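J.: What follows is a structure written as structure tokens; I'll ask about it next.
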Amino acid sequence: MIELLSGNEAIARGAFEAGVTVASGYPGTPSTEILEALVAHRDKVYCEWAPNEKVALEVAAGACLAGARCLVTMKHVGLNVAADPLMTLAYIGTVGGLVICVGDDPGMHSSQNEQDTRHFARFAKVPIFEPSDSQEAKDFTTLAFEISERFTTPVILRTTTRVSHSRSLVTLGERQETGRAIKFEKDPPRFVPIPLWGRVMRTKLEDRLGKLRELAENCAANHVEWSDRKLGIITGSISYQYVREIFPDASVLKLGLSFPFPDALIREFAAGVEQVLVVEELDDILEEHIRSLGIACKGRQFVPGIGELSPGRLAQAKAAMEGKSFSIPAPPAQAADLPARPPVLCPGCPHRSVFYALAQHDVIVTGDIGCYSLGVFKPLSRIDTILCMGGGITLAHGMDKAGEKRKIVGIVGDSTFFHSGLTGLLNIVYNRGVSTIIVVDNRTTAMTGHQDHPGTGRTLMGETTVAASIEELARACGVKRVRTVNPYDLHATQQAITEELNASEPSLIVSSAPCVLREKKRPGPQRKINSEVCKKCGLCLKLGCPAAEGAKGAAPVINEVLCAGCGMCEQVCKFGAVAAVEEGL
């Protein structure tokens with residue numbers, strides 16, 4: 001059977017066909033849809049959203065040591081969080097196959113940095129596969145499980161945004177059950193890396209890496225496509241597709257298993273062509289290694305290492321190599337006249353009132369990773385820093401202890417709080433900080449597509465479970481001042497923030513209201529502005545709501561198509577010009 005699948009759907013299918021029985025991950029673009037597709041096979045595969053990526057990998061590690069085949073999913077910055085167990089799991093090794101699928105985001109479409117996961121493969125000394133389309137995404141996933149079990153090693157499968165979200169035809173196969181009994185066999189010298197046994201593991205890791213290098217030389221994922229031998233291109237991942245389009249006549253060495261490096265194959269290919277060009281997305285990892293082999297090659301001086309590669313950018317590189325000029329075509333003319341569409345909080349977003357209330361105070365706001373990061377843009381302009389998941393809490397404490405004179409407010413979302421906020425909050429209390437922390441709780445992991453988390457009371461498998469309480473957890477950490485507000489009550493929100501900013505001890509405010517996009521219903525009746533009463537002060541426009549539209553010197557109007565009925569505009573209007581629209585009018 002052949003189906004049209006995205007790369008993420010194909011990875012899920014490959015895991016299913018490989019006989020995976022346990023899958024864990026944390027949602028993050030571009031990898032989120034893998035588990036969302038795999039959970040359709042819940043009769044065969046147990047799937048879960050973990051609180052964070054470290055937990056997800058540790059869960060999978062435990063399951064694989066008991067004999068199960070396990071898949072872990074995350075985005076590239078999530079591997080930073082999971083790096084601790086990864087480094088030691090490479091020493092311990094695996095029993096059942098374990099594949100870590102990591103979605104890189106060249107171009108930073110929805111990420112705070114542009115790191116290259118291939119560094120982690122070399123760092124941890126584990127193999128990494130890089131598919132270039134959906135068929136390879138499925139095939140490489142099943143192959144990765146075979147390699148994992150054959151060499152008792154975790155394996156990384158690196159995708160990119162373009163591979164994850166592009167669709168192509170995939171030939172499906174049947175599920176292959178491993179037939180292995182789930183039973184952990186005690187063997188402390190193998191599974192307990194105290195120094196006595198860890199030093200032995202270290203030696204075995206190098207021996208395993210040597211065997212993996214032999215595998216890379218003959219692996220079907222690495223192959224040569226001979227053509228015109230004037231130019232030979234070494235590439236992999238989505239870059240391979242661009243190379244085939246822009247350099248149709250060149251010979252190509254395609255590396256699907258890109259680490260360990262297949263040195264003999266690289267040397268053989270380089271010897272068969274007149275010049276070598278390395279085309280890789282992001283860091284010049286391949287190029288650096290090829291040069292270390294004493295092979296002259298071109299690469300970074302022509303192929304950009306910042307941003308997402310594309311056929312147009314590669315065509316520019318080709319022109320530069322040939323001493324020609326090439327300009328990437330401009331967007332179609334019909335797009336040139338469209339109005340700018342800056343990123344903005346959705347109409348009716350419950351987070352808006354928090355930022356509006358904070359704008360009334362001279363405070364520093366340390367933000368975090370989530371859709372609420374949009375609070376940095378005008379007219380709200382109420383986020384000053386963003387670093388990483390949980391950083392909204394810990395950066396606030398750091399500024400406090402540095403002696404910053406202004407009040408500091410840390411903001412995190414509900415999913416982020418469970419991901420990595422608890423330890424930071426505990427640190428504030430333990431070390432006698434006085435920061436005010438706000439958890440903007442919209443009852444979901446909104447930015448990545450409304451996934452559940454420990455506070456929603458639902459699992460990825462669709463089961464009802466305990467809904468962890470942010471307030472109770474905060475009290476357990478020692479926070480005495482804990483309060484919950486309805487963000488649609490702007491006055492109550494402003495009052496709570498003002499009171500907590502004046503407190504001389506740490507406090508936590510939970511702004512609790514569900515995401516309007518997930519609820520798919522208005523929190524209240526739509527509003528309308530009476531132009532005869534309106535004083536054109538523009539105060540309602542300072543909420544930054546897309547539904548409130550206004551030109552300079554004219555009375556604002558509320559777009560009835562966009563209005564979600566949150567009522568914030570009515571609450572900020574001092575002249576009673578905004579009123580609810582009766583149903584049916």
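J.: Are any residues in region 249-269 among the charged types (D, E, K, R) and within 17 Å of SER132 (Cα to Cα), and if so, which ones?
T.: LYS254, the sole residue that qualifies.
J.: Quick check: anything in region 158-178 assigned to a helix (DSSP H, G or I), crowded, with 18+ Cβ neighbours inside 10 Å and over 24 Å from the mean Cα position of the chain (by Cα)?
T.: Scanning region 158-178 turns up no residue that is assigned to a helix (DSSP H, G or I), crowded, with 18+ Cβ neighbours inside 10 Å and over 24 Å from the mean Cα position of the chain (by Cα).
J.: While we're here: Determine which single condition LEU338 fails, assuming it passes every other condition in (1) under 21 Å from the mean Cα position of the chain (by Cα); (2) outside the structural domain of LEU286 (by TED's automatic domain parsing); (3) farther than 28 Å from GLU404 by Cβ; (4) not charged (D, E, K, R).
T.: All conditions are met except number (1).
J.: Exactly one condition in (1) surrounded by 14 or more Cβ atoms within 10 Å (Cβ to Cβ); (2) assigned to a helix (DSSP H, G or I) is false for GLU268; which is it?
T.: Result: GLU268 fails condition (1) only.
J.: Might you let me know whether region 257-264 holds any residue that is in a helix (DSSP H, G or I), outside the structural domain of LEU35 (by TED's automatic domain parsing) and not polar (S, T, N, Q)?
T.: Yes, region 257-264 contains a residue that is in a helix (DSSP H, G or I), outside the structural domain of LEU35 (by TED's automatic domain parsing) and not polar (S, T, N, Q).
J.: Continuing with this model, one more query. Do the conditions hold for ILE182, that is, is it crowded, with 17+ Cβ neighbours inside 10 Å and in contact (Cβ under 8 Å) with a residue 40 or more places away in the chain?
T.: no
J.: Something else now. Return the pair list, or none, for Cβ contacts closer than 6 Å from residues in region 357-385 that are in the same structural domain as MET399 (by TED's automatic domain parsing) to residues that are among the acidic types (Asp, Glu), at least 6 apart or on different chains.
T.: What qualifies is ILE364/ASP384; VAL365/ASP384.
J.: Within region 1-59, restricting attention to residues that are out of contact with any Asp or Glu (no Cβ under 6 Å at 6 or more places or on another chain) and among the hydroxyl-bearing types (Ser, Thr, Tyr), which residue is nearest to ARG458 (Cα to Cα)?
T.: TYR46
J.: Since GLY391 meets every condition but one in (1) modelled with pLDDT of 95 or more; (2) over 16 Å from TYR488 (Cα atoms); (3) touching a helix residue (DSSP H, G or I) at 6+ places or on another chain (Cβ under 6 Å), which condition does it not meet?
T.: So the condition that GLY391 fails would be (3).
J.: What are the residues in region 251-292 that are more than 18 Å from ASP116 (Cβ to Cβ), in contact with an Asp or Glu (Cβ under 6 Å, 6 or more places away or on another chain) and not β-branched (Val, Ile, Thr), if any?
T.: Answer for region 251-292, where residues must be more than 18 Å from ASP116 (Cβ to Cβ), in contact with an Asp or Glu (Cβ under 6 Å, 6 or more places away or on another chain) and not β-branched (Val, Ile, Thr): PRO262, ALA264, LEU265.
J.: Please state which of the following conditions ILE386 fails to meet, knowing it meets all the rest: (1) crowded, with 24+ Cβ neighbours inside 10 Å; (2) within 16 Å of the chain's Cα centre (by Cα).
T.: So the condition that ILE386 fails would be (1).
J.: Could we say that VAL376 is at pLDDT below 95 and surrounded by fewer than 21 Cβ atoms within 10 Å (Cβ to Cβ) here?
T.: no
J.: Filter region 437-470 for residues that are touching a Gly at 6+ places or on another chain (Cβ under 9 Å), within 22 Å of CYS349 (Cα to Cα) and outside any loop (DSSP other than H, G, I, E, B) and give the result.
T.: ILE437, ILE438, VAL439, VAL440, ASP441, THR445, ILE470
J.: Is it the case that some residue within region 119-138 is touching an Asp or Glu at 6+ places or on another chain (Cβ under 6 Å) and touching a residue at least 12 places away in the same chain (Cβ under 8 Å)?
T.: Quick first cut of region 119-138, residues touching an Asp or Glu at 6+ places or on another chain (Cβ under 6 Å) only: none.
Checked region 119-138: no residue is touching an Asp or Glu at 6+ places or on another chain (Cβ under 6 Å) and touching a residue at least 12 places away in the same chain (Cβ under 8 Å).
J.: Is there a residue in region 403-413 that is of a type outside the set (Val, Ile, Thr) and assigned to a helix (DSSP H, G or I)?
T.: Within region 403-413 (the criterion being of a type outside the set (Val, Ile, Thr) and assigned to a helix (DSSP H, G or I)), the answer is no, since none of the residues qualifies.
J.: Residues in region 122-135: is at least one part of a helix (DSSP H, G or I) and more than 17 Å from ARG213 (Cα to Cα)?
T.: Yes; the residues of region 122-135 include at least one that is part of a helix (DSSP H, G or I) and more than 17 Å from ARG213 (Cα to Cα).
J.: State yes or no: is ILE11 among the β-branched types (Val, Ile, Thr) and either at pLDDT below 95 or crowded, with 24+ Cβ neighbours inside 10 Å (or both)?
T.: Against the criterion (among the β-branched types (Val, Ile, Thr) and either at pLDDT below 95 or crowded, with 24+ Cβ neighbours inside 10 Å (or both)), ILE11 qualifies.
J.: Would you pick out the residues in region 483-499 that are buried (at least 21 other Cβ atoms within 10 Å of the Cβ) and either of a type in the set (Asp, Glu) or touching a Leu at 6+ places or on another chain (Cβ under 7 Å) (or both)? Let's see the steps before the verdict.
T.: Here is the first cut: in region 483-499, the residues buried (at least 21 other Cβ atoms within 10 Å of the Cβ) are 485, 487, 490, 493, 496-497.
Across region 483-499, the qualifying residue is only ILE497.
J.: Restricting attention to helices (runs of 4 or more DSSP H) lying wholly within region 271-338, give those where 3 or more residues are exposed (fewer than 11 other Cβ atoms within 10 Å of the Cβ).
T.: Result: 333-336.
J.: Here's another thing I want to ask about it. Answer yes or no as to whether SER469 is farther than 25 Å from LYS405 by Cα, in contact (Cβ under 8 Å) with a residue 12 or more places away in the chain and among the hydroxyl-bearing types (Ser, Thr, Tyr).
T.: yes
J.: Moving on to the next point. Anything in region 179-200 that is outside any loop (DSSP other than H, G, I, E, B) and within 32 Å of the chain's Cα centre (by Cα)? List them, or say none.
T.: Across region 179-200, the qualifying residue is only PHE191.
J.: Given (1) closer than 18 Å to PHE575 by Cα; (2) surrounded by 22 or more Cβ atoms within 10 Å (Cβ to Cβ); (3) not aromatic (Phe, Trp, Tyr), identify the lone condition not met by SER511.
T.: It is condition (1) that SER511 fails.
J.: Taking GLY67, is it in the same structural domain as LEU209 (by TED's automatic domain parsing), more than 30 Å from GLY391 (Cβ to Cβ), touching a Gly at 6+ places or on another chain (Cβ under 6 Å) and touching a residue at least 40 places away in the same chain (Cβ under 8 Å)?
T.: Answer is yes for this residue.
The values are calculated or read from the model by the stated rules, or taken from the named source; none is laboratory data. Small disclaimer: the values here were computed from a predicted structure and weren't measured. Please note: Cβ atoms are built from the backbone with ideal geometry, for glycine as well, and neighbour counts cover all protein chains shown.
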